[in-house]
């Protein structure tokens with residue numbers, strides 16, 4: 001009878017742990033389904049800027065075809081900040097229409113404030129970034145911290 005009591009105990013404990021195991025598996029699965037891509041732009045080269053936007057478009061369209069969303073953050077710093085400058089961006093028309101193209105996926109254009117501040121000192125006047133851009137304290141730190149959170153990273 002002792003083996004019967006042990007078997008019953010094991011069965012009860014196993015059944016009581018199923019919701020915990022199922023919740024952990026579901027959480028792990030949902031975090032794997034979250035697609036997040038960082039794209040670094042650090043060159044003042046229209047070809048690189050267009051390639052970054054092409055990469056973002058292709059990723060968004062790929063996941064859209066699968067019925068999934070993706071978060072994309074294009075981080076521009078150093079000479080690449082020209083991509084997001086209102087006065088110098090050779091791709092501003094594409095950027096202006098990009099958020100509508102991407103919906104419902106989320107796209108952010110992150111402009112490095114360190115670079116902006118240094119450019120303003122060097123050029124002697126304030127610099128405006130595109131209204132679609134978000135100023136972040138440091139482009140490099142943005143890349144680093146999001147990679148630490150599990151974002152995928154490419155540099156076109």
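Peptides 71-78, 100-107, 85-92 ordered by packing proxy, namely the average of other Cβ atoms within 10 Å per residue, highest first: 71-78, 85-92, 100-107. Taking max minus min of the alpha-carbon positions on each principal axis, the range 102-156 gives extents of 38, 25, 20 Å, largest first.
Across the range 54-93, the volume of the C-alpha convex hull divided among the residues equals 76 Å³ per residue. Equivalent-ellipsoid semi-axes for the range 34-154 (Cα gyration tensor, √(5λ), whole Å, largest first): 25, 16, 11.
Each reported figure results from applying straightforward, stated rules to the coordinates on display, with no laboratory input. Everything numeric in this text was worked out from a predicted model, so none of it was measured. Don't worry about glycine lacking a Cβ; one is built from the backbone with ideal geometry, like all the others, and counts go over all protein chains shown.
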